[in-house]
Amino acid sequence: MSSGKRLLIVAAAVLTAGISSLFAQNVRIDARVNTLSADSSNSFTWTLGKKIVKDGLDASSGASLSGSTKEFDVVRFDSPDTKKPAIPVGLRGLLLYPISDYKTLAYDDLKVSEQGKVVTVRYVHRGVAYELTSDGKGKFNILTGARIAKGLADNVGGEFVLKPEYVKAGGDPKKMSDLDWSKVTLTPDVRDPAASRWYEGTLSFARKKGVLEIKVNLTEKK
């Protein structure tokens, strides 16, 4: 092979590596949500590469100020075409509570419990139960810390109603807070194994006086 061809091959390899590096974008998140009451200080700030989005709830419209409900799909899915989850479904749902009204949070029965430094977050959205659990240092591993249980409710005229076998004794099937978690079988909530790209990393959970703070650093993988 001539020296000229060798140089072309090396240059192509460098260019390919440069392009791959250019489009590999990591994610940083800083979120705050009051789990006990409506709070105008709730926030959802996320960074993807050089893009920075600072979001909160528009109280007048009930929508997010910066449109993260839709815009965060760039992190949620591997691509706009395939829409394969690149992060756990439950994590994406949790991050939207700071830009939702308190009525939604209360209806979904978002609860945070602590045992030592182990933080467990649970909620039920559209008949699906989600659980996110940290390790003993308050760190949540995106690959192993999320679990999910589907098919717990029926959609009756646009309203989700818990199936009888999952309701607490004497409970109201229309209230997600009356889900009997002891009867729920949770399975791993992970990114789609067929996703063309995904994220790995950890979250930090901290709670003080009912306020849950979430700090995230995720690395894009392909």
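The values are calculated or read from the model by the stated rules, or taken from the named source; none is laboratory data. Everything numeric here is computed off the predicted structure, so don't read it as measured data. Because the Cβ atoms are built from the backbone with ideal geometry, glycine has one as well, and the counts that use them run over all protein chains shown.
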Any chance you could count how many residues in the stretch 147-174 are surrounded by 14 or more Cβ atoms within 10 Å (Cβ to Cβ), of a type outside the set (Val, Ile, Thr) and touching a residue at least 24 places away in the same chain (Cβ under 8 Å)? 6
If a residue must be surrounded by fewer than 18 Cβ atoms within 10 Å (Cβ to Cβ) and of a type outside the set (Lys, Arg), how many such residues does the stretch 54-65 contain? 7
Only one of (1) closer than 23 Å to residue 143 by Cα; (2) basic (Lys, Arg); (3) modelled with pLDDT under 95 does not apply to residue 50, and that is (1)
Residue 219 fails exactly one of the following numbered conditions: (1) touching a residue at least 40 places away in the same chain (Cβ under 8 Å); (2) among the polar types (S, T, N, Q); (3) assigned to a loop (DSSP other than H, G, I, E, B). What is the number of that condition? (3)
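When you scan the stretch 78-112, how many residues do you find that are in contact (Cβ under 8 Å) with a residue 24 or more places away in the chain, closer than 20 Å to residue 200 by Cα and under 15 Å from the mean Cα position of the chain (by Cα)?
Within the stretch 78-112, the first condition is being in contact (Cβ under 8 Å) with a residue 24 or more places away in the chain, and the residues that meet it are 78-79, 82, 84-91, 93-102, 105, 107-112.
Cutting the leftovers down to closer than 20 Å to residue 200 by Cα gives us 78-79, 82, 84-91, 93-96.
Filter once more, so that each one left must be under 15 Å from the mean Cα position of the chain (by Cα): 78, 84-91, 93-96.
Final tally of qualifying residues: 13.
Within the stretch 69-146, considering only strands (runs of 3 or more DSSP E) that don't extend past its boundaries, which have at least 2 residues that are buried (at least 19 other Cβ atoms within 10 Å of the Cβ) and touching a strand residue (DSSP E or B) at 6+ places or on another chain (Cβ under 8 Å)? Full working, then the answer.
On the way: elements: 111-115, 118-125, 128-133, 139-141.
Of the strands (runs of 3 or more DSSP E) lying wholly inside the stretch 69-146, those with at least 2 residues that are buried (at least 19 other Cβ atoms within 10 Å of the Cβ) and touching a strand residue (DSSP E or B) at 6+ places or on another chain (Cβ under 8 Å) span 118-125, 128-133.
Can you tell me how many residues in the stretch 147-177 are assigned to a loop (DSSP other than H, G, I, E, B) and closer than 26 Å to residue 192 by Cβ? Don't jump to the end; show me each part of the working.
Kept after step one, since they are assigned to a loop (DSSP other than H, G, I, E, B), are these residues of the stretch 147-177: 150-152, 157-158, 163, 168-175.
Filter once more, keeping what is closer than 26 Å to residue 192 by Cβ: 150-152.
The number of residues fulfilling the criteria is 3.
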Residue ID - modelled with the lowest pLDDT, chosen from residues in the stretch 15-43 that are over 25 Å from residue 177 (Cα atoms) and surrounded by 13 or more Cβ atoms within 10 Å (Cβ to Cβ): 24
Residue 190 versus (1) of a type in the set (Val, Ile, Thr); (2) in contact (Cβ under 8 Å) with a residue 60 or more places away in the chain; (3) farther than 22 Å from residue 48 by Cα: which is the lone unmet condition? (3)
